[in-house]
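The values are calculated or read from the model by the stated rules, or taken from the named source; none is laboratory data. The structure presented is a predicted model; accordingly, all values stated were derived computationally and were not measured. Cβ placement follows ideal geometry from the backbone for every residue including glycine, while neighbour counts extend to all protein chains displayed.
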Amino acid sequence: MIPWMQITSVADTAVTLPAAATIAVWLITGRAWRMAIWWCLLLIFGLAVVVATKIAFIGWGIGISAIDFMGMSGHAMRATAVFPVIFYLTLQRSPTLVRASGVLLGISLGVLVGVSRVVLNVHSVSEVVAGCALGGVVSLGFIWISRGFPRPHLNRWIIALGLSILLPTSYANPAPTNRWMNAVALYLSGHDMPYDRNAGRSISPDEHYLR
């Protein structure tokens, strides 16, 4: 039996945001300041789009009912944004084919996380597809832009240290990001309860958090 819950947990905010920060540290210590800036800007863009789509539905019920879209999957976006870049950087001294295979593996892992969100009935197919597409724009956009910069001088020991620090995060409790977004959406909209995907029905914040 496929451990879908374990698969989905590797893309939780408590895992992927520290991983994204680790990427930035690798680039900064490798004296690749412009690459670090581009990475941060692209990731912030991706996160902002996800949050905006979710808050729009939670607070005002804005979505696309025809395709069951109520906000992008943050797990799918973060996974497809972060994992390919980790492989791209850690394999920078490898042959081009190996490096490209690593990026493809990272994207595949992101898609697998997206599938887990559908299997667990957390997101619809359209929400996962949108999240994966946005994450792909972030990771592949960064990789494309990086081609125009000198290769960063990444220290293998710093890479190893960063990866070892990330390992315990996979066992961390899930970050309550939905609860935080509920609070922001309800504050901005002035509503008492968030919208649910069931015909715009409002539900209690705790019920929405458990979805």
Taking interchain pairs and intrachain pairs at least six residues apart, which have beta carbon atoms under 7 angstrom, with the first residue in region 29-52 and without any contact (Cβ under 8 Å) to a residue 24 or more places away in the chain and surrounded by fewer than 19 Cβ atoms within 10 Å (Cβ to Cβ) and the second assigned to a helix (DSSP H, G or I) and among the aliphatic types (A, V, I, L, M)? C40/A24
Could you check how many residues of region 33-83 are of a type in the set (G, A, S), closer than 22 Å to I7 by Cβ and in a helix (DSSP H, G or I)? 5
Pick from region 94-152 the residues that are in contact (Cβ under 8 Å) with a residue 24 or more places away in the chain and aromatic (F, W, Y): which of them is nearest to A66 (Cα to Cα)? F142
Yes/no for V111 being assigned to a helix (DSSP H, G or I), of a type in the set (V, I, T) and over 22 Å from W4 (Cβ atoms): no
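Table: residues versus (1) under 17 Å from the mean Cα position of the chain (by Cα); (2) closer than 18 Å to F83 by Cα; (3) among the charged types (D, E, K, R).
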{"position": "V128", "(1), (2), (3)": "yes, yes, no"}
{"position": "G148", "(1), (2), (3)": "no, no, no"}
{"position": "I159", "(1), (2), (3)": "no, yes, no"}
{"position": "N182", "(1), (2), (3)": "no, no, no"}
Note: among S73, S94, S65, just one is of a type in the set (S, T, Y) and either touching a strand residue (DSSP E or B) at 6+ places or on another chain (Cβ under 6 Å) or farther than 26 Å from T8 by Cα (or both), namely S94
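Please indicate, with yes or no, whether at least one residue in region 4-17 is part of a loop (DSSP other than H, G, I, E, B), surrounded by 15 or more Cβ atoms within 10 Å (Cβ to Cβ), hydroxyl-bearing (S, T, Y) and under 15 Å from the mean Cα position of the chain (by Cα).
Taking region 4-17 as the starting set, the residues that turn out to be part of a loop (DSSP other than H, G, I, E, B) are 10-12.
Restricting the remaining residues to those that are surrounded by 15 or more Cβ atoms within 10 Å (Cβ to Cβ) gives 10-12.
Then drop every residue that is not hydroxyl-bearing (S, T, Y), which leaves none.
Within region 4-17, none of the residues are part of a loop (DSSP other than H, G, I, E, B), surrounded by 15 or more Cβ atoms within 10 Å (Cβ to Cβ), hydroxyl-bearing (S, T, Y) and under 15 Å from the mean Cα position of the chain (by Cα).
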Number of the condition not met by S164 [criteria: (1) hydroxyl-bearing (S, T, Y); (2) closer than 21 Å to L27 by Cβ; (3) crowded, with 17+ Cβ neighbours inside 10 Å]: (3)
On the given criteria, is S126 over 19 Å from T13 (Cβ atoms), at pLDDT 95 or above and in contact with a strand residue (DSSP E or B) (Cβ under 9 Å, 6 or more places away or on another chain)? yes
